[in-house]
Structures are given as structure tokens and as C-alpha cells.
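Here is the structure we will look at, set down as C-alpha cells.
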Amino acid sequence: MKKNILIIMLCLSVLGCKRKEGLELEIINKSILSLVPEDKNTYNNMDDSLTNYKSKTIIVFKLTNYDCKSYYFNLNYFGKLYSNLDGLTINQATIYFYKDNRNKEEKVKVRYGHPNFNLNPNSISNKRNVHILKMLNYSTMGNEKYFDNSNFIIHSNETLYFEGFVNLPYGDPIQNAHVDFDKNAKYSAEITMFSDSTNYKKMLSRPILRTIQKNGYQVYHGVIKSKNRVSIKFIE
């Protein structure tokens, strides 16, 4: 009798794992806001807090692991895999914009660098962190741990939530990038997440490597695209 119960439990476990496979990335937002683009890209108002908050969207997204194994995500921003991602980085993801075109898919180029990036290099890290906390509607006091979350582990049948923000279309003093939108066109956005296992044993600390080995984690390698795209909504 006990043997039959064990067989049934084993079959249920195997069937449960085969129900759905892979990692699934999904954007929670229904849309992303953007100011109506002007004919000429002007940045002189991007230091204005009201304009910053008006053009801001906090993007929430989730990653679900349907596999029967757990993964360690190694976010190597100096590797070849990340260097091939040409979108706009938001927290642990990269966002891409697409112009709606019936004939072909047209990716909108993200352009980096504009005159408003005028922060003192000696204080840029602290100012950047304070700015990010404010833009995500967090208190700037006691939230230092928010930035200590680059690499992460996702277990089998686990869902992790993430967030980041964008200021469209001109960026802001910290987000040193802008997107060339046409106010008469329609756009959508998708996000990707990546993990790079290349030479990870030479990059990660000994305690982390032991943790990976002891728990049987697999260092994920590849880029995951969100299963959905959301529309860009122009506002005045």
C-alpha cells in the first residue's frame, strides 16, 4: 500500500513539473507613459522635478520559473551577452521600444547622452541612488539595501517581482538616454532579462560558488523576452 502511494506521489510530481516549462517574463503595467515628443529634442526642462514626475512610469514586471530546477542569475554587465543588448536598462532588465508597422517590425533606437548630465562625478553614485529612490516613491532614508540586489536566485515554481522607472521620451539627469518617438505614430514596449554564465567561476566569490554547488543551482545563460508588449501612451 505504501509502495503504491509513493508511486502515485512520484507520478504527480513528474506530471506537475511537465505542466509548464521554462522561465516566463511578464510586464504587469497596461501601458507606459511618454510626454508628447516635440519637433526638436530639448532637454532644458529635464532638471525640472514636475516634468520628471509627469513623464515617469514605474514599470513592474515578474519572472516565473516553471522548470523543476532552480537558477542563479549572474548579471555580468561587462560581458559580451550584455553588450549586445541595445535597449534602455531599468534595474535588472532592459526595455525595448517598437514602432507599430504593418509591414515590418521596427525597433526604435535608444540614444545615449544629452547636455543635462551635469552631476559631479565625485557624488554621482549617491545622487543617483537618492534620485532612483525618489522616482520609485521610496523614502531616501534607510533604503540602501534596495541597490544590493543585482544577482539573484529563482527557485522552481517561484515568481519574483521587479520594478524600475523610465522618463520618456527625453530621459532625465540620471537616465542619460532618450528615445526618438513620432507623436503621430503608435509604439509598444517589451523587456528582457539576462544572465551570463561565461567564466562565472572566475567572477563570483567563493561563498557564492559553494552556495551554488551545495544547493544544485544552475547558472542561467541567455536572454529572456517578456511574453507581452505594452503600449506607449502619449500625454501632454
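Quick check on my filter: what residues within the stretch 170-206 are of a type in the set (A, V, I, L, M) and assigned to a loop (DSSP other than H, G, I, E, B)?
Ile174, Ala185, Leu204
Those residues that are surrounded by fewer than 17 Cβ atoms within 10 Å (Cβ to Cβ) and hydroxyl-bearing (Ser, Thr, Tyr), I need them from the stretch 65-82; list them, please.
Listed by number, the residues that qualify are Tyr66, Tyr77, Tyr82.
Return the residue satisfying two criteria in turn: it lies in the stretch 218-236 and is of a type in the set (Val, Ile, Thr) and more than 15 Å from Phe152 (Cβ to Cβ), and of such residues it is surrounded by the fewest Cβ atoms within 10 Å (Cβ to Cβ).
Ile235
Specify the residue that is modelled with the lowest pLDDT; the eligible residues are those in the stretch 125-145 that are of a type outside the set (S, T, N, Q) and under 21 Å from Tyr82 (Cβ atoms).
We begin by selecting, within the stretch 125-145, every residue of a type outside the set (S, T, N, Q); these are 127-128, 130-136, 138, 141-142, 144-145.
From what's left, under 21 Å from Tyr82 (Cβ atoms): 128, 132.
Working: Arg128: 70, Ile132: 73.
Ranking the candidates gives Arg128 first.
Starting from residues that are more than 21 Å from Ser150 (Cα to Cα) and among the aliphatic types (A, V, I, L, M), keep the ones in the stretch 68-110 and report whichever is modelled with the highest pLDDT.
Val108
How do the pairs read when you match residues in the stretch 222-234 that are within 26 Å of Asn184 (Cβ to Cβ) with residues anywhere that are in a loop (DSSP other than H, G, I, E, B), using Cβ under 6 Å and keeping only pairs 6 or more apart or on different chains?
Listed by first residue and then by second, the contacts come to Val230/Asn29; Phe234/Val36.
Write out, first by first residue and then by second, each pair whose Cβ atoms fall under 7 Å of each other, whose residues are 6+ apart or on separate chains, and whose first residue, in the stretch 157-171, is modelled with pLDDT under 90 while the second is surrounded by fewer than 16 Cβ atoms within 10 Å (Cβ to Cβ) and among the hydroxyl-bearing types (Ser, Thr, Tyr).
Correct list of pairs: Tyr170/Tyr43.
Yes or no, residue by residue, for (1) under 21 Å from Phe165 (Cβ atoms); (2) touching a strand residue (DSSP E or B) at 6+ places or on another chain (Cβ under 6 Å):
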| position | (1), (2) |
| --- | --- |
| Asp180 | yes, no |
| Ala185 | no, yes |
| Thr211 | no, no |
| Tyr217 | no, yes |
| Tyr220 | no, yes |
| Ile224 | yes, yes |
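The values are calculated or read from the model by the stated rules, or taken from the named source; none is laboratory data. Here the structure is a predicted model, which is why all the values come from computation and not from measurement. Every residue, glycine as well, gets a Cβ built from its backbone with ideal geometry; the counts of neighbours run over all protein chains shown.
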